[in-house]
Number of protein chains: 2
Amino acid sequence: MPPGSLGRLLEIGRQLAAIQCTERPEGHPALIAVLAADHGIAEAGVSAYPSEVTGQMVANYVRGGAAVNVLARRAGAIVRVADLGVKHLPAGLTDHDSLATCPIAGGTANFLERPAMSRVEAYRAIEAGLALGDRWIRDDIRVVALGEMGIGNTTTAAALIAALTGASARDVVGRGTGVDDHRWEHKRGIVADALEFHAPHCDDLWDWIARVGGFEILGLAGLALSAASKGVLVVLDGVISTTAGLIAARLCPSIRGHFLAAHLGPEPGHRVALDALALIPILNLELRLGEGTGAALALPIIAAAGDLLRDMATFESAGISGPTD
Amino acid sequence: MPPGSLGRLLEIGRQLAAIQCTERPEGHPALIAVLAADHGIAEAGVSAYPSEVTGQMVANYVRGGAAVNVLARRAGAIVRVADLGVKHLPAGLTDHDSLATCPIAGGTANFLERPAMSRVEAYRAIEAGLALGDRWIRDDIRVVALGEMGIGNTTTAAALIAALTGASARDVVGRGTGVDDHRWEHKRGIVADALEFHAPHCDDLWDWIARVGGFEILGLAGLALSAASKGVLVVLDGVISTTAGLIAARLCPSIRGHFLAAHLGPEPGHRVALDALALIPILNLELRLGEGTGAALALPIIAAAGDLLRDMATFESAGISGPTD
């Protein structure tokens, strides 16, 4: 075909080919993993919604009624949900095919007052993600999309991005879901205070991810590492999912070649994290829901990129004339 | 759901709802229309490929081997092809289900020397597009994507965009498919010369579209008008398809509410035309192939936008707690 004519679609196809070590790659089927946990920082009034919503949404994902479920059905993708530390899980939700219950604790601590979790809990959250990869990623899965739910987790993600990239609280804190100007200013102050409070105690990556981290975010980092080790493309969604990608890349820099950024959300920290990973998103839809919704929308494009490398006629095979000079 | 959380995906759903006059819109099934014609300006050496490629690619679309066919299969969309004025149509290609032969002439004239077509031919090209809409848009079709093929047509599109928006040749001329720096400068000069040559004779829109137009571009404008009149969403692809949208909007300004811009291509005129239509594209993939490839990639997103309005649980129906204040 003419040089460059398929732009980044061809790059995605080549990325699949490189990961799968084949000239005829597949960009389908895909698994959307939605990891959920609660955040102690929600006590500080950073969200418009109460922590109960985390568990209620887990129930909604399991029932198939959420936005990510609708988008997954359209994309022909499987949705799997995991409880990494939900405070109020609705009664009757037990471990089964579509829900994994592997809570590290009933939510993190408020990181304005103490570390969100211990270093041991941070290791265990990453390990839980690795185990979810072994449980969920069947042999035919070619793509894993990282989704999440956790009231307060845009604040946790902002603190992690600032800590890992050196950006300021002002550069990374956005409105999250449904936050007004007043609460936005409050969130910025909280992230700045948390960074100042923990910095004297932080010597390495593990100190930071334990002190200002979240269980679902670390679980997603572990799941990303598992997926990459199995030769699977990892699709990053919004700011929280991309923070998980950033952590995975700090633990294992070569994972970056397995990442695809689905969309650019309106949280300012999202762009900071994408820049730190040198990733350019393919969709521009101003989504701020999380859950893996943006990643779900990118799945048909990824599948199509694989199709093109397998099924498209070349100029030669189709008898098309070449350039005249 | 939380305000704004689904961003422009919800806007697309609302657009479908408004066009279809229903709260439960459908964003599927879709038809991808690929209109082809040759351009006299190709004589001036604006393309790296010979005019023969236009007809050869028509044969490739009909056989199902081109990029747009592969992407259409992934999206579950129908491809229909039309000859609006192909100079060298391969033997054996006759009018049938997937190919409509309705040539206005065997390509346009070189608009550096004379008008590309007469005003009567311009009317006939628009009428041919209206007739294709009646032929192809079955009752269940909800979305029509505008694709095209025509060696030389990025130069025609650049001239039309400059003429219709007042932009300069430098603002609108890009590299087309596989053009080097030297040919790029040559293309800019050609468009500037053509605008200067025809301007003294142009009093209205019809003068311009006849003098620097192309048969497939005018056909697509007619097809867009037909689709809109039938309550169908019209998906614009690259710079040529968007030029057709611009012409349709000048003929019938209210059509803009039926348009969705699929992607932003690298041709500078594409952004000028999108700005003139006040459209923001949803994909960022640096595609420059045309054919409707970018529009085809947007189809699953449009289908998903309809799904969300029909199938997603509300906070109330799913028993999710509302905001705390």
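To the nearest 20 Debye, how big is the dipole of the protein assembly as shown about its Cα centre, given +1 on the beta carbon of each Lys and Arg and -1 on that of each Asp and Glu?
420 debye
For region A:21-98 and region B:1-60, write down the distance between their C-alpha centroids in whole Å. First find each Cα centre; the distance between them is then 33 Å. Database remark: amide H of residue B:35 closer than 5 angstrom to the amide H of B:82, B:147, B:148, B:149 (H placed geometrically; neighbours at sequence offset of 5 or more, or on other chains; Pro and chain starts carry no H). Residues B:156, A:108, ranked from the fewest to the most other C-beta atoms within 10 Å, line up as B:156, A:108. Toward the positive end of the charge dipole of the protein assembly as shown, with +1 on the Cβ of Lys and Arg and -1 on the Cβ of Asp and Glu, the farthest Cα among B:141, A:117, B:309 is that of B:141.
Neighbour counting of Cβ atoms within 10 Å sorts the residues B:218, B:160, B:89, fewest neighbours leading, into B:89, B:160, B:218. Note on region A:228-308: Kirkwood hydrodynamic radius from all Cα pairs is 12.6 Å, rounded to one decimal. The modelled label-to-label distance between residue B:120 and residue B:134, using points 7 Å beyond Cα along the C-beta direction, is 2.1 nm.
Helices that extend 24 Å or more along their long axis by alpha-carbon positions and average at least 0.5 on the Kyte-Doolittle scale are, among the DSSP H runs of chain B, B:293-311.
Full extension of the chain between residue B:18 and residue B:43 gives 4.5 nm of extra length, using 0.36 nm per residue less the Cα-Cα distance. Among the residues of A:314-321, the average count of other protein chain beta-carbon atoms within 10 Å of the residue beta-carbon is 5. Counting, for every residue in B:300-308, the Cβ atoms of other protein chains within 10 Å of its Cβ and taking the mean gives 6. Does region A:193-269 come out rounded, prolate or oblate, given a ≥ b ≥ c as the square roots of the eigenvalues of its C-alpha gyration tensor, rounded meaning a/c under 1.5 and, failing that, prolate meaning a/b above b/c? Oblate, because a/c is 1.5 or more while a/b does not exceed b/c. For region B:47-183, a crude dipole built from +1 on the beta carbon of Lys and Arg and -1 on the beta carbon of Asp and Glu, taken about the Cα centre, is about 180 debye to the nearest 20.
Centroid-to-centroid, using Cα positions, region B:195-248 and region A:259-325 are 29 Å apart. For the segment A:281-294, counting C-beta atoms of other chains within 10 Å of every residue's C-beta and taking the mean gives 6. Restricted to Cα atoms, region A:39-178 shows a radius of gyration and a Dmax of 15.9, 45 angstrom.
Taking Rh as the Kirkwood radius computed over C-alpha pairs, what is the Stokes-Einstein D of chain B at 25 °C in a medium of viscosity 0.890 mPa s, expressed in µm² per second? Once the numbers are plugged in, D ends up at 124 µm²/s. Comparing mean-square fluctuations of A:47, A:254, A:229 from a GNM of chain A with C-alpha springs under 10 Å, the top value falls on A:254. Estimated purely from DSSP H runs of n ≥ 4, each contributing -39500 (n - 2.57), the mean residue ellipticity at 222 nm for chain A is -14500 deg cm²/dmol once divided by its residues. Dipole of the protein assembly as shown computed with +1 at Lys/Arg Cβ and -1 at Asp/Glu Cβ about the Cα centre; of B:10, A:33, B:42, farthest Cα towards the positive end is A:33. Counting only residues at least eight positions apart within a chain, or on another chain, the aspartates and glutamates with an alpha carbon under 14 Å from that of residue B:187 are B:43, B:171, B:267.
Mind putting a number on the dipole of region B:175-325 about its Cα centre? Charges go on the C-beta only, +1 for Lys and Arg and -1 for Asp and Glu, and I need it in Debye to the nearest 20.
With only Lys, Arg, Asp and Glu charged at Cβ, the dipole is about 200 debye.
Every read-out reported here was derived from the displayed coordinates using simple, explicitly stated rules and does not represent laboratory data. This structure is a prediction, so every number in the text was calculated from the model and none was measured. In this analysis, Cβ positions are derived from the backbone assuming ideal geometry, glycine residues included, and neighbour counts consider all displayed protein chains.
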